[in-house]
Amino acid sequence: SIAQTKQEIQQTVEQAYLEFKDVQEGKNADYIKELARVDPSIFGIVVVDVEGNTYSAGDNFSKVSIQSVSKAFVLSLVLEESGPIVIKEKVGANATGFPFNSIIAMEINRESGINSMVNAGAIATTSLVSGNTAEEKWEAIVNKLSDFAGRRLEVDEAVYISEAGDNQRNVAQAQLLKAYDKIYFDADQSVDIYTRQCALSVNARDLATMAATLASGGNNPITNKRVVSPDAVSYTLPVMATAGLYENSGKWLYQTGLPAKSGVGGALIAVVPGKFGIAVVAPPLDEAGNSVKGQLAINYIVEKLKLNPYLVE
Ligand code: GLN
């Protein structure tokens, strides 16, 4: 149950916005050229509770590409379709402790060097989505992510084209997965579907609704549609906790206690199970590729509203 009043929650979200809106640290991702062109001053915070109430401040509707935040939702789709054993055995769920695009992680530990929240593991996870063709797999992904958001999501074509022309590293990782028997569909096509899923265009409201759907055990609290089973959610959240912020996942968990997922487009979501989905959109990133203002704002809200599930009194 939600202990705070609606007014308290809304005020906290507004305070977080005012507290951090002038922070200048961080820098847009630029290894995908199109991301460097996004307005770095976009800053939106949205919280959706499991009853579907929305609290917000700043740019609710400015869109960014979802990037790695998609990984959490594609994982939940595969968990829904195939169950937890498939992910445990075919991808793995250990923290890599390495950057999101690390090839060294895959080499140092072939058993546990990948995770669905980093690129190699995410491409493997995408390859596991149901469908005999790339088109069928893509449809399954875009339909499911749209159900999470509660509206039809669309690809930002400029971002897709930009990344598709510049993703040799992901192509190489998919080929390595193939060499190690850890990819379950055509490697190049799996990368292409993954690149498209990362280019889906979302705003802070979409992201908070998606996070709130996880918080409420797979039921979208805005549309009231069941998107995935509680079981799929229960296995998605721990994977987010282990690697959702890449090599800084441990530090993040230490501070907030919450499963979360970042993306290089500037999105960051956190899930408070049974209570809230929290989302921030703010493109400037730290060295690990996590939104600077996103981390500050969510941390602030979590502390003020005492949302860390490890808190004991
Ligand atoms: N599409 C991006 C990539 O593969 C996603 C990375 C991220 O958001 N960390 O590099």
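The values are calculated or read from the model by the stated rules, or taken from the named source; none is laboratory data. The shown structure was predicted, so the numbers you read here are calculated from the model rather than taken from an experiment. In this analysis, Cβ positions are derived from the backbone assuming ideal geometry, glycine residues included, and neighbour counts consider all displayed protein chains.
Some points to look at:
- Just so you know, in region 271-285 the residues that are away from the ligand (no atom under 16 Å from the Cβ) and of a type in the set (Gly, Ala, Ser) include one that is nearest to the chain's Cα centre (by Cα), and it is 277.
- Unique match (being within 16 Å of the ligand (Cβ to nearest atom), closer than 27 Å to residue 36 by Cα, of a type in the set (A, V, I, L, M) and surrounded by fewer than 20 Cβ atoms within 10 Å (Cβ to Cβ)) among 260, 288, 267: 288
- Residue in region 166-181 that is crowded, with 21+ Cβ neighbours inside 10 Å and charged (D, E, K, R) present: no
- The single condition among (1) in contact with a helix residue (DSSP H, G or I) (Cβ under 6 Å, 6 or more places away or on another chain); (2) away from the ligand (no atom under 16 Å from the Cβ); (3) outside any helix (DSSP H, G or I); (4) more than 17 Å from residue 70 (Cα to Cα) that residue 183 does not meet is (2).
- Residue 297 being over 25 Å from residue 155 (Cβ atoms), at pLDDT 95 or above, among the aliphatic types (A, V, I, L, M) and out of contact with any Leu (no Cβ under 7 Å at 6 or more places or on another chain): yes
- Single residue of region 190-217 satisfying the filter (within 16 Å of the ligand (Cβ to nearest atom) and not in a helix (DSSP H, G or I)) that is farthest from residue 32 (Cα to Cα): 202
- Criterion: more than 20 Å from residue 29 (Cβ to Cβ), loosely packed, with under 15 Cβ neighbours inside 10 Å and not aliphatic (A, V, I, L, M) - qualifying residue of 107, 81: 107
- Among residues of region 126-143, those that are crowded, with 21+ Cβ neighbours inside 10 Å and either closer than 17 Å to residue 200 by Cα or away from the ligand (no atom under 15 Å from the Cβ) (or both), counted: 5
- Scan of region 72-103 for residues that are more than 28 Å from residue 9 (Cα to Cα), part of a helix (DSSP H, G or I) and within 16 Å of the ligand (Cβ to nearest atom), ordered by number: 74, 75
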